[in-house]
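Enquirer: Would you mind keeping the following structure in view while I ask a few things?
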Amino acid sequence: MTEGHLHEEIDRHAHTNPLSKSSPFTKLFFVLSALVICVSLPSPIVPLAVLSVSAVLILFMARIPISFFVKMLSYPTAMLGLSCIIIALFFGDGEALAEVPLPWFTWTIFKNGVTTGIATFIRVEGALSCLFFLVLTTPMTNIFVALRRIRIPAVLVEVSLLIYRYIFVFIEITEKMTTAQELRFGNSSWLTKIRSIGLISGNLFIRTMEQGERTLTAMNARGYDGTIRMLEDLPKPSKAALVATVLFDSILLLVSIYSKDLLVV
Amino acid sequence: MDMPFYLENVSHRYSDGTLALEDVTMSMKRGERIALLGPNGSGKTTLLLHLNGILKPTSGKVHFDGKPVEYSSKALLELRRRVGFVFQDPNDQLFAPTVRQDVAFGPLNLGQSAQEVRRVVEEALDTVGMAEYAEKPPHFLSFGQKKRVALAGVLAMQPEVIIMDEPTSNLDPRGTSEILHLLLRLSRERRISLILATHDVDMVPLFADRLYILNKGRVVSEGTPRELFSDTQLIRSVNLRSPRITHLFEVLRKEDGVPVDERLPLTIGEARREVLRLLGILQDDLTGGSEVVSPWRHHPPIKNKRG
């Protein structure tokens with residue numbers, strides 16, 4: 001497979017994987033329930049379980065290459081890792097884990113700070129992995145139709161739909177502008193680079209406004225009246241998958257009851 | 001009345017004060033293919049935007065199907081169903097996450113049933129040869145493919161008139177020829193009236209029954225391609241040029257004294273006929289319909305496409 005841009009790769013996987021034709025409702029039900037359980041229960045086992053199940057689904061059911069999954073997970077993980085290290089080292093109170101005497105004050109690392117750091121990390125990874133499952137296996141159009149069907153406010157869905165489409169247009173424009181700047185040495189030093197980025201951002205902002213107007217004109221020309229209507233051709237939800245999700249969620253709940261004190265030191 | 005469009009002294013002044021159209025009068029018969037030819041900034045797009053009520057004339061009147069255009073939202077919906085508009089940049093038009101959803105947008109706005117919409121969407125995609133891309137997001141398509149999908153989005157509303165702004169700009173030769181043939185097919189098989197804005201002068205004689213030349217917001221001239229392209233002075237005065245092939249025959253006639261017919265050929269087909277005539281192989285002139293017997297090759301008789 002050719003190495004493309006991440007956003008294009010994600011979209012291609014979403015459209016071509018073996019699960020892309022399965023019901024978005026089933027997938028949304030799994031992802032949303034797992035997400036809620038994952039971030040709302042204290043047990044560290046639950047997010048790990050969600051992570052493993054999502055990984056299995058992504059790698060074996062949807063047959064996404066492991067390298068791609070790891071690459072996708074690596075970007076948020078890097079940011080998350082940094083934040084969690086800061087939480088672990090600088091937050092918390094009560095029992096101290098270590099005290100580092102510095103010339104002007106004593107830096108205390110707290111036990112519950114470290115716990116919070118680790119717990120946050122695991123939880124976010126669990127939540128991310130199940131969201132990635134949705135994103136990597138479901139064409140966006142199906143997600144939009146399904147969201148609308150489960151009564152998510154139309155305006156939210158419509159805005160996301162337009163954002164999804166025009167992100168690709170604007171990434172392309174940005175790439176062209178960046179190349180044009182590079183050809184004229186816009187990145188030759190750190191200062192010019194900063195200036196170049198500023199110019200692109202300003203330009204993009206104006207371009208988005210113009211694009212918005214042109215798109216609206218074109219939509220009006222086809223009878224737009226304030227509501228984007230969509231064809232709702234969705235595959236039927238699989239009962240087996242729904243039952244499996246309910247079972248999985250119940251197990252998560254049970255596990256969380258028995259393991260809620262695991263990380264609390 | 002067999003006249004979908006009649007524009008009566010239409011002027012348009014943008015809110016910034018620019019007078020983009022000045023006293024434009026034009027008409028269009030049903031089933032006609034019209035080209036608006038003009039340099040950049042001559043007001044072609046502004047004129048087109050009046051035809052389906054996106055712009056309202058500052059003065060003058062637009063008539064459609066014998067009645068003055070009304071600008072109530074209900075009347076506009078009806079007008080826009082009957083008059084489809086394909087924009088120059090397909091990215092402006094394709095906003096939906098998949099090709100199918102985009103083509104369905106228009107028909108769904110007209111309140112057709114899902115079943116009916118599915119049928120017209122399928123048919124429209126079939127017509128433009130994009131059926132196999134129905135589930136693809138627009139950003140996976142080439143420019144030419146996007147352009148055809150944009151056309152399908154309009155076709156799905158089963159319009160009587162299709163307006164296209166620069167249908168061949170940014171297209172490669174193959175894309176250009178595909179769009180052109182598609183438009184000719186729609187015109188011949190479904191009697192859809194077509195209005196194109198363009199500065200692609202080589203394409204105009206292949207396509208248009210009649211053309212309007214615009215410059216600085218005014219209609220400078222109106223007539224058949226043959227009438228207008230023989231007036232080289234006029235064509236050059238508005239920063240346009242004749243078709244390449246016409247120019248060649250003009251040079252042959254003026255510079256080299258070749259006895260080229262006064263009515264210069266505008267298309268490759270006409271040029272071929274003229275060359276054969278000059279070589280003494282074809283007796284008739286280019287408007288004739290006689291069979292060609294070439295001494296070099298046996299080939300099927302040339303049919304005169306443009307009567």
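Enquirer: Of all DSSP beta bridges located in the protein assembly as shown, what percent are antiparallel, nearest 5?
Expert: Beta bridges within the protein assembly as shown, antiparallel portion: roughly 55 percent.
Enquirer: While we're here: Mind checking A:224-234 for the average number of partner chain beta-carbons within 10 Å of each residue's beta-carbon?
Expert: Across A:224-234, the average partner-chain Cβ count within 10 Å equals 5.
Enquirer: Enter the Cα centre distance for the pair the stretch B:27-75 and the stretch B:1-19, rounded to the nearest angstrom.
Expert: When both Cα centres are located, 6 Å separates them.
Enquirer: For a test of the definition: using alpha carbon positions, the gyration tensor, and the 1.5 limit on a/c, classify the stretch B:76-127 as rounded, prolate or oblate.
Expert: Note, shape of the stretch B:76-127 comes out oblate.
Enquirer: Working from the alpha-carbon coordinates of the protein assembly as shown, get Rg over Rh, Rh being the Kirkwood radius.
Expert: Value, to two decimals: 1.11.
Enquirer: Please compute the contact order of chain A in relative form: average sequence separation of alpha-carbon pairs under 8 Å and at least six residues apart, divided by the residue count, as a percent.
Expert: Once divided by the residue count of chain A, the mean separation gives 33 percent.
Enquirer: Can you tell which of A:ILE122, A:ILE86, A:ILE194 shows the greatest fluctuation in a Gaussian network model of chain A with Cα springs below 10 Å?
Expert: Residue with maximal mean-square fluctuation among A:ILE122, A:ILE86, A:ILE194: A:ILE194.
Enquirer: Considering only Cα-Cα distances, which of the following residue pairs are longer than 23 Å: B:LYS67/B:LYS216; A:LYS27/A:LYS260; A:LYS71/B:LYS146; B:LYS74/B:LYS216; B:LYS74/B:LYS146; B:LYS29/B:LYS67?
Expert: Those over the limit are B:LYS67/B:LYS216; A:LYS27/A:LYS260; A:LYS71/B:LYS146; B:LYS74/B:LYS216; B:LYS74/B:LYS146.
Enquirer: Also, quick follow-up: Assign unit charges at the C-beta atoms only (+1 for Lys and Arg, -1 for Asp and Glu), then state the dipole size of the protein assembly as shown relative to its Cα centre in Debye, rounded to the nearest 20.
Expert: Computed charge dipole of the protein assembly as shown: roughly 660 debye.
Enquirer: Any chance you could tell me what percent of the C-alpha pair distances in the stretch B:5-237 go past 30 Å?
Expert: 23 percent
Enquirer: Of A:TRP190, A:LEU19, A:THR120, which is farthest towards the positive pole of chain A's charge dipole, taken about the Cα centre with +1 and -1 on the beta-carbons of Lys, Arg and Asp, Glu respectively?
Expert: With unit charges placed on the Cβ atoms, the residue in question is A:LEU19.
Enquirer: Still on this structure, please answer the following. Between the stretch A:86-114 and the stretch B:146-170, how many Å separate their Cα centres?
Expert: Taking the Cα centre of each part, the stretch A:86-114 and the stretch B:146-170 sit 66 Å apart.
Enquirer: Kindly provide the chymotrypsin sites (Phe, Trp or Tyr not before Pro) of the stretch A:19-120 that DSSP labels as loop, not H, G, I, E or B, and whose Cβ sees at most 10 other Cβ atoms within 10 Å.
Expert: Hits after loop and neighbour filter: A:TRP104, A:PHE105.
Enquirer: Then there's this: When DSSP beta bridges are limited to those with both residues in chain B, what percentage is antiparallel, rounded to the nearest 5?
Expert: Once the DSSP bridges in chain B are tallied, antiparallel ones form about 50 percent.
Enquirer: Shifting gears a bit: Cα centroids of the stretch B:192-238 and the stretch A:169-236: how far apart, whole angstrom?
Expert: Distance between centres, Cα-based: 34 Å.
Enquirer: Please name whichever of B:ASN170, B:SER73, B:LEU182 sits farthest to the positive end of the charge dipole of chain B, dipole taken about the Cα centre and charges placed at Cβ: Lys and Arg +1, Asp and Glu -1.
Expert: Farthest along the dipole direction, towards plus: B:SER73.
Enquirer: Next question. Take every Cα pair under 8 Å in chain B that's 6+ residues apart, average their separations, divide by the length, and report that relative contact order as a whole percent.
Expert: With pairs under 8 Å counted, the relative contact order is 19 percent.
Enquirer: Highest mean first, what order results for B:85-93, B:119-127 on Cβ atoms within 10 Å?
Expert: Descending mean neighbour count gives B:85-93, B:119-127.
Enquirer: Excluding B:THR198 itself, calculate the net charge of residues whose Cβ lies under 11 Å from the Cβ of B:THR198, where each Lys or Arg counts +1 and each Asp or Glu counts -1.
Expert: Local charge sum for B:THR198: -3.
Enquirer: Further question: With a 1.4 Å probe, how much accessible area is buried between chains A and B, both sides summed, in Å² to the nearest hundred?
Expert: That pair of chains buries around 2800 Å² in total.
Enquirer: Give, rounded to the nearest 20 debye, the magnitude of the charge dipole that the stretch B:85-148 has about its Cα centre when Lys and Arg contribute +1 at Cβ and Asp and Glu contribute -1 at Cβ.
Expert: It works out to roughly 60 debye.
Enquirer: Output the relative contact order of the stretch B:93-234, whole-number percent, from Cα pairs under 8 angstrom with separation of 6+ residues.
Expert: Computed over the stretch B:93-234, the figure is 19 percent.
Enquirer: Using a cut-off of 19 Å between alpha-carbon atoms, which aspartates and glutamates can reach A:LYS111, once sequence neighbours fewer than 8 places away in the same chain are excluded?
Expert: List returned: A:ASP93, A:GLU95, A:GLU99, A:ASP261.
Enquirer: Which aspartates and glutamates, on any chain, are close to A:LYS193 with Cα under 16 Å apart, when same-chain ones fewer than 8 places away are left out?
Expert: A:GLU175, A:GLU182
Enquirer: Now, a different point. Rounded to the nearest 20 Debye, what is the dipole magnitude of chain A about its Cα centre when Lys and Arg each give +1 and Asp and Glu each give -1 at the C-beta?
Expert: It comes to approximately 620 debye.
Enquirer: Provide the net charge surrounding A:GLU158, with neighbours chosen by a C-beta distance below 13 Å and charges set as Lys +1, Arg +1, Asp -1, Glu -1.
Expert: Within the 13 Å Cβ shell, the charges total +2.
Enquirer: Counting partner chain Cβ atoms within 10 Å of every residue's Cβ in B:84-96, what's the average?
Expert: Counting other chains' Cβ atoms within 10 Å and averaging over B:84-96 gives 6.
Enquirer: Report the residue, chosen from A:VAL169, A:VAL31, A:VAL135, that carries the largest GNM mean-square fluctuation when chain A is represented by alpha-carbon nodes joined by springs under 10 Å.
Expert: It is A:VAL169.
Enquirer: Just to confirm a number: summing +1 for Lys and Arg and -1 for Asp and Glu over residues other than B:SER177 whose beta-carbon lies under 14 angstrom from that of B:SER177, what do you get?
Expert: Residues close to B:SER177 contribute a combined charge of 0.
Enquirer: Moving on to the next point. Would chain A count as rounded, prolate or oblate if I go by the C-alpha gyration tensor, calling it rounded below 1.5 in a/c and otherwise prolate when a/b exceeds b/c, oblate otherwise?
Expert: Because a/c hits 1.5 or more and a/b fails to exceed b/c, chain A counts as oblate.
Enquirer: Above 24 angstrom, tally the Cα pairs of the stretch B:1-94 and express them as a % of all pairs, no decimals.
Expert: 19 percent
Enquirer: Work from the charge dipole of the stretch B:5-237 (Cβ charges, +1 for Lys and Arg, -1 for Asp and Glu, about the Cα centre) and give the residue of B:SER11, B:GLN112, B:ILE195 farthest towards its positive end.
Expert: B:GLN112
The values are calculated or read from the model by the stated rules, or taken from the named source; none is laboratory data. The structure presented is a predicted model; accordingly, all values stated were derived computationally and were not measured. When we count neighbours, we look across all protein chains shown, and the Cβ atoms used for this are built from the backbone with ideal geometry, even at glycine. Please note that ligands, DNA and RNA were not included when accessible areas were found on the heavy atoms of the full protein model with its side chains. Shrake-Rupley method; radii C 1.70, N 1.55, O 1.52, S 1.80 Å.
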